[in-house]
Amino acid sequence: MIRTQITIGLLLTVLSMVLVTLIGLNENARLARTTEEQMARSIMRGAALFNTNCVVCHGEQGQGIPGRCPPLNTPELFDTKNGRVPQTGWSGSLPDYIRSTIAQGRLRSTRPDQYPGNTATDPAGVAAAMPLWSQQYGGPLRDDQIQDITNFILNWGKAPGRMAEVPEPPQQTPEQRGQRLFTSLGCAGCHNPQASGDGGLPCPNLGNISNVAATRVQGKSAQDYIHESIVNPSAFIVPGYQDNIMPKTFKDLPTDQIDAVIAYLMTRKQQ
Amino acid sequence: MLGLDIRSQRQKVQTWLQRMLSWAFWQTLITERLEHTTRAITGGLSTSELGALLRGAAPTEKPNPRYRLHTKSFWFHIRPRYYQRGSTWFTHTWRLGWFSTFFFMVETITGLILMIFYTPSPLVAYGNMLNILSNVPFGKFMRDLHRLGAEGMVIAVTLHMLRVYLTGSYKNPRQFTWLTGVVLLLVTLFLSFSGYLLPWDQLAYWAVTIGTSMAEAAPVLGTRVNLLLRGSPDIAANGLLRFYLLHVFLLPLLGFVFLMVHYYKVSREHGISLPAAIEEGDVPVDVRRRGEERVDFIPDLLTHEILLLALGTFIMVAAVAFFFQAPLESHANPLRTPLHTQAPWYFLWIQGMLKIGDKVLMGIILPTVIFGLLFAVPYIDEFWDWLWKRKSSRLGKNRRLGISLALVFIVIMVVLTLMGSPTWGIVTPPGQEIAQEFSPEEGEGPMQRIPYEQYPVGYFDTRTWTYPTDRPPTEFDKTFAEFKARVEQEVQHNSAWKRGEELAKQKGLDAVYGAWTITEWQQDLKQIRVTIDWNEFDPATEQLLPDEKSVFTDKTVYIHRKFGD
Ligand code: HEM
């Protein structure tokens, strides 16, 4: 009995040691793999966070919204010799630049001619170029989430400027297509298409635009007015709003896209 | 001349050399030293005695040097010199008390190692876990062992209690042993529970939030206890620190103290009980006599325990090497209640009770009563015998009521646990539920299991998509086919969807459909937009809701080439 127990015990101990050795031999490879996987997961989380927090300003693919927000998916950001980092006089690395910009936001635009925002000149003292995000300063995101978004933005650096081609459903109505375009073109970054509220920006609400548009300019149908508002925003300035905020670059859009957006906006009406 | 007698010196050297070269000299020297060292290490056992031990032979000296060990060695003094054979029968104890101790030790060792890499602060705790997994050699191994050991300990302790109950071993004179045992059970449960919070992931955060909010329901003291545990109205930095200190200091300390008391009672005062049939003479005389024989701790039981140690270690190592993985969800987020929050499995029964009654009664009063009854088991038992003027007996056939009650209690616990399983979820519209099934918030769903390369870029619609017949199906095809089936099945089983579908058909509107829009979003990153659109039917007005008002599911999933699974 004693001998059998000792033999089995020894055998089991040897087996355990073999297993631990095997785990040990594999350990370096596993650590490297886990590190890579954690980075991949971080990018996945960052993509989702970017999608919920940043696209209204920076565009779905970080392409920026002219006149509103700079592109992030741009070679200029990743060019550490002549790009944004040296331009702004930032002395740290690019990841630090991105991380700290997100964490602290931008009280004052570094390119006021292109992208508005300056708490110092805003009468209410709130209109920063970009809000801050870190919970350390009272923002909504944790620092690990900011790191996730940073990793996601840095991933654009592998092919900066490349825009993903988003497949479109083959049989969609112009209204459905227009709804997507309204977001992806960046209109949603300034305009709220829902019933009420301006989304915190000095841009008119478009929740009832189909009714409103018909009354704006004598003799202009709603469609024509909306069309003009997009391709030539300065032709009619909505009372109470300023010229030169809505970008003038939309005139270069393909006509089918403009038509789809108009079709969508024509569905925005209150009884 | 100089008084230097070279000749005698030479002689000295010669005899010295001779001695050095003789085999006998070395032999005695080595045996002597060996013998000495062996005795020093083993607490007085000679080498031949050791040999006899390993062979299982009788002691070589008198008085029995093995008994001497029990007074000379600290570790052996804790253990009794001998047991009665019956109390060592495997089917009597199932070694469950032993395994409880084993897991407690495993937890202590692995826990101390994990402590090195852990800081109890919400800012870094989760990052520490990631670091343990990706940067600390054997870090994952230790963490998995620790988690597995925790579950093992809860199981072993509970079963140990069950066996003590079933063999009637809690009865006079072992009432106090039982009492300390229940304290150990509570310590074990709270150790597990407090450890649950430390990774600071969603699983931890919400399980502990439900757990502590139960305390809140307690009359009078509730909010105070809750505040004491959490350190603030919500679990945050203070709560984490408190749970950490409970987990690594107070509870282990309590555990050690009570374990010492518990085991002292068992080993020194009463011994392990004999099986009732032997103690009460319900077996043939020769069996009884054999059951009452002495078995020495050294070597018989010691060898057995070393075998158990090797076995326990091997099972743990193998489980961790081959299949067991400690879960880690995403970072704790107080603002985001998961769709399904779940208490640790050993507290599911409380969740089950909460479903059938109110928070105070089911969450506080009943569990307190249950543990109160557990404490009182030996005394109730005694009272019962006194009431019916019976002689106390440990035999199963004399304890029909007691054993039936235990079985009923077990069945109730199992049922409550099953009832408690997935709970506390928010009721979600079916579209969202389907999206959640295919890509859950936490962990991996079917969509995460499709390899990155097999995701085709494009727009896929359940109305038009067909299963490929001209080529072997990919993982994408299989999963999308499941998705399609799931959406169509919902139309059949969900009455609101079904009615909406009928009305929509009459009006020539779109049918229910789901679609995946797959985009190569960045290098090595694909975006899958899952949309599910149905015709929402308002039972109040018997009408379809206008598109504007109806909800539809829109979920965006990202898959990175290297995220692993
Ligand atoms: C950390 C938890 C515990 C540890 C480490 C532990 C350890 C032990 C050990 C090593 C024994 C020797 C006999 C055997 O192996 O079965 C024992 C006996 C005993 N335990 Fe425990 N125990 C624990 C929890 C409990 C609980 C929860 C109860 C009951 C509520 C309990 C009640 C008893 C009683 C009454 C005995 C004496 C049994 C007999 O003499 O047959 N123990 N315990």
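The values are calculated or read from the model by the stated rules, or taken from the named source; none is laboratory data. All values reported here derive from a predicted model rather than from experimental measurement. Because the Cβ atoms are built from the backbone with ideal geometry, glycine has one as well, and the counts that use them run over all protein chains shown.
Could you please let me know if B:T71 is assigned by TED's automatic domain parsing to the domain that holds B:L145 and either assigned to a loop (DSSP other than H, G, I, E, B) or of a type in the set (S, T, Y) (or both)?
no
Answer yes or no: is there a residue in segment B:195-206 that is within 16 Å of the ligand (Cβ to nearest atom) and either closer than 18 Å to B:M129 by Cα or more than 14 Å from chain A (Cβ to nearest Cβ) (or both).
Yes, because at least one residue in segment B:195-206 is within 16 Å of the ligand (Cβ to nearest atom) and either closer than 18 Å to B:M129 by Cα or more than 14 Å from chain A (Cβ to nearest Cβ) (or both).
Looking only at segment B:245-275, filter to residues that are more than 10 Å from the ligand (Cβ to nearest atom) and either within 14 Å of chain A (Cβ to nearest Cβ) or surrounded by 20 or more Cβ atoms within 10 Å (Cβ to Cβ) (or both); which one of those is farthest from B:G396 (Cα to Cα)?
So the residue we want is B:V248.
Pick from segment B:437-453 the residues that are modelled with pLDDT under 90 and surrounded by 15 or more Cβ atoms within 10 Å (Cβ to Cβ): which of them is nearest to the other protein chains (Cβ to nearest Cβ)?
B:E442
Residues being touching a residue at least 24 places away in the same chain (Cβ under 8 Å), among the small types (G, A, S) and outside any helix (DSSP H, G or I): count how many of those fall in segment B:340-388.
Summing the residues that are touching a residue at least 24 places away in the same chain (Cβ under 8 Å), among the small types (G, A, S) and outside any helix (DSSP H, G or I) in segment B:340-388 gives 1.
Are any of the residues in segment B:56-77 in contact (Cβ under 8 Å) with a residue 60 or more places away in the chain and of a type in the set (D, E, K, R)?
yes
Checking the condition away from chain A (no Cβ under 14 Å), surrounded by fewer than 22 Cβ atoms within 10 Å (Cβ to Cβ), in contact (Cβ under 8 Å) with a residue 24 or more places away in the chain and more than 16 Å from the ligand (Cβ to nearest atom), which residue from B:T180, B:T209 passes?
B:T209
Only one of B:R486, B:R499 is surrounded by 15 or more Cβ atoms within 10 Å (Cβ to Cβ), among the charged types (D, E, K, R) and touching a helix residue (DSSP H, G or I) at 6+ places or on another chain (Cβ under 9 Å); which?
Being surrounded by 15 or more Cβ atoms within 10 Å (Cβ to Cβ), among the charged types (D, E, K, R) and touching a helix residue (DSSP H, G or I) at 6+ places or on another chain (Cβ under 9 Å) holds for just one of B:R486, B:R499, which is B:R486.
Given the residues A:G199, A:G189, which is the only one that is at pLDDT below 90, in a helix (DSSP H, G or I) and more than 14 Å from every other protein chain (Cβ to nearest Cβ)?
Of the residues listed, the single one that is at pLDDT below 90, in a helix (DSSP H, G or I) and more than 14 Å from every other protein chain (Cβ to nearest Cβ) is A:G189.
Considering only residues that are touching a Leu at 6+ places or on another chain (Cβ under 8 Å), under 26 Å from A:G105 (Cβ atoms) and facing chain B (nearest Cβ under 7 Å), which ones fall in segment A:23-71?
Of everything in segment A:23-71, those that are touching a Leu at 6+ places or on another chain (Cβ under 8 Å), under 26 Å from A:G105 (Cβ atoms) and facing chain B (nearest Cβ under 7 Å) turn out to be A:I43, A:M44, A:A47.
Search segment B:454-480 for residues that are away from chain A (no Cβ under 14 Å) and pair each with any residue that is aromatic (F, W, Y) and exposed (fewer than 15 other Cβ atoms within 10 Å of the Cβ) when their beta-carbon atoms are under 8 Å apart and the residues are at least 6 apart or on different chains.
If the second residue must be aromatic (F, W, Y) and exposed (fewer than 15 other Cβ atoms within 10 Å of the Cβ), the pairs left are B:P473/B:Y467; B:D477/B:Y467.
Among the residues in segment B:507-518, are any surrounded by 16 or more Cβ atoms within 10 Å (Cβ to Cβ), more than 14 Å from every other protein chain (Cβ to nearest Cβ) and among the charged types (D, E, K, R)?
Checking segment B:507-518: not a single residue is surrounded by 16 or more Cβ atoms within 10 Å (Cβ to Cβ), more than 14 Å from every other protein chain (Cβ to nearest Cβ) and among the charged types (D, E, K, R).
Among (1) near the ligand (Cβ under 8 Å from one of its atoms); (2) surrounded by fewer than 22 Cβ atoms within 10 Å (Cβ to Cβ), where does B:P122 come up short?
In the conditions (1) near the ligand (Cβ under 8 Å from one of its atoms); (2) surrounded by fewer than 22 Cβ atoms within 10 Å (Cβ to Cβ), B:P122 misses (1) alone.
Out of everything in segment B:92-118 that is surrounded by 20 or more Cβ atoms within 10 Å (Cβ to Cβ) and of a type in the set (A, V, I, L, M, F, W, C), what residue ends up being nearest to the ligand (Cβ to nearest atom)?
B:F104
Here is a list of conditions, (1) part of a helix (DSSP H, G or I); (2) of a type in the set (K, R); (3) surrounded by 14 or more Cβ atoms within 10 Å (Cβ to Cβ), and B:K526 meets all of them except one; can you say which number that is?
(1)
Would you mention how many residues in segment B:139-156 are touching a residue at least 60 places away in the same chain (Cβ under 8 Å) and either of a type in the set (A, V, I, L, M) or near the ligand (Cβ under 8 Å from one of its atoms) (or both)?
4
Counting only residues that are surrounded by fewer than 14 Cβ atoms within 10 Å (Cβ to Cβ) and under 25 Å from A:L10 (Cα atoms), which one in segment B:51-73 is farthest from the ligand (Cβ to nearest atom)?
Among those that are surrounded by fewer than 14 Cβ atoms within 10 Å (Cβ to Cβ) and under 25 Å from A:L10 (Cα atoms), it is B:G51.
Test B:H160 against the criterion of being in contact (Cβ under 8 Å) with a residue 40 or more places away in the chain, within 9 Å of the ligand (Cβ to nearest atom) and within 18 Å of the chain's Cα centre (by Cα), and give yes or no.
Yes: the conditions hold for B:H160.
When you check A:Q194 against the structure, is it among the polar types (S, T, N, Q), within 12 Å of chain B (Cβ to nearest Cβ) and part of a helix (DSSP H, G or I), yes or no?
no
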